[in-house]
1. Please go through the range 2-56 and pick out each residue that is in contact with a Leu (Cβ under 8 Å, 6 or more places away or on another chain) and at positive phi.
2. Mind checking whether some residue in the range 113-127 is part of a loop (DSSP other than H, G, I, E, B), under 20 Å from residue 16 (Cα atoms) and modelled with pLDDT under 85?
3. What's the total number of residues in the range 156-185 that are surrounded by 11 or more Cβ atoms within 10 Å (Cβ to Cβ), within 18 Å of residue 77 (Cα to Cα) and not charged (D, E, K, R)?
4. If residue 41 meets every condition in (1) over 18 Å from residue 88 (Cα atoms); (2) modelled with pLDDT under 95 apart from one, which number is that one?
5. If a residue has to be closer than 20 Å to residue 272 by Cα and hydroxyl-bearing (Ser, Thr, Tyr) to count, how many in the range 367-399 make the cut?
Amino acid sequence: NGGRNLALLHGKHLRARWILPFDGNCFLTSRGFEAIIENLERHGASTKHFIVPMSRVINNTEILVPGNDAPPVAPAEPQLLFRADTNEAYSLNMRYGRRSKVNTACAAEGRPTAGMRAAPWEAQERTTDSPEKGNFRSAGWVYRLFSGEPSQEAPNRAASRNRAYKRLLAVADFLDAIDEGIARRTFRHSNLFLYNETRLRQFRLGVWAGDAAAQREVASVLEGAAGAAEAARIMGSRASACGDGVAAGRALRITDPGALDDVLRNITILALAHYFSGEVRHAHAGANLARMCLLGEPPKELEPDFGFEAVPFAISDETSLLGPAAAVPATFSCPTPAARRPDVFDTANGAAAAGAGSESWRWFVDPEALSKVDVSHALDGFRLLRRAKALTQRELAAL
């Protein structure tokens, strides 16, 4: 809509009499254009707006065949033609794909956009109380050339839904590309994205140097890590008791967003606990939690030569009132990782699957649950676990 409004301003700047901000891929035949000119000459003195019916074509060559240039059946959303002194404009609050041309036309006609109500999260349609209300006519016709996707061009409801879906994908891809372009300026896969690494290092050095405030906060992190490690141990025992991968997968399948959020928080707090304390058991527990709950793989035993040596330092008995990891500095605001024991075990399904035969573990996180959870802090947790050699490069890539 911003582009259409810019086209209107551009036409006015050029002192054009009539402005046609048509969609891309529109095609005017000689007869269609002549019909438009005829209406403009006949009614243009009293009419500022013309609705140009549009017909979508499946085969572009059809409209070039001699004798085929008759007024078509045009059920598709029309194009709009404006006189330069119009006061109408397209609504900038309406997203791409919200039938903005119909909405603008209905405002000019002074009637509501029946059957096209906005979703609760969208901007509402324009009011019909337009200063140009009633100042419109129909003129000529225009074709929309074939897009290359037949399922989107057929004159039926399924094609209309498909176009609407593809438009939403286009909007998401466009916004993702903007985010990616900004992130790639400084982004490195091995670097933490959410947490500020410089401040984390300063925080850890403060602990080693005997800073009381830093030691209190790390103590609270380790307290939370103990609960997270216990949750990981219980899940591992439950999975082992199932007997095979299929039964374990069903027993541990996560369908609840809250349970998945708990798992991700526990992984993050275990990774941070290893980062601050150097204790291998924290990284091992966090990695196994990721394997069981996210990769669908069995837990691994702790190898004797795993990781790094623990870094000794004094921990105050005082615990933070803010909760585990609350004072861990972050580049952006993010959820505080708090150790929780997720209630995700379906014993009935696990028992039923126990006799199904031995199969490898499989991915079993519900995609719907994954889409409702903030995973940003957990991604940094995975990176910390990889640095600690608790996760392999293959596992990190899979996560």
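1. The one that is in contact with a Leu (Cβ under 8 Å, 6 or more places away or on another chain) and at positive phi: 25.
2. The first filter runs over the range 113-127 and keeps only residues part of a loop (DSSP other than H, G, I, E, B), leaving 113-127.
If we keep only those that are under 20 Å from residue 16 (Cα atoms) as well, we get none.
No, that holds for no residue.
3. Count: 6.
4. So the condition that residue 41 fails would be (2).
5. 2
Per-residue answers, yes or no, for (1) in a loop (DSSP other than H, G, I, E, B); (2) touching a Leu at 6+ places or on another chain (Cβ under 9 Å):
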{"site": "147", "(1), (2)": "yes, no"}
{"site": "158", "(1), (2)": "no, no"}
{"site": "162", "(1), (2)": "no, no"}
{"site": "166", "(1), (2)": "no, no"}
{"site": "171", "(1), (2)": "no, no"}
{"site": "179", "(1), (2)": "no, no"}
{"site": "192", "(1), (2)": "yes, yes"}
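The values are calculated or read from the model by the stated rules, or taken from the named source; none is laboratory data. These numbers come from a predicted model, not from an experiment. A quick note on method: Cβ atoms are made from the backbone with ideal geometry, for glycine too, and the neighbour counts reach across all protein chains shown.
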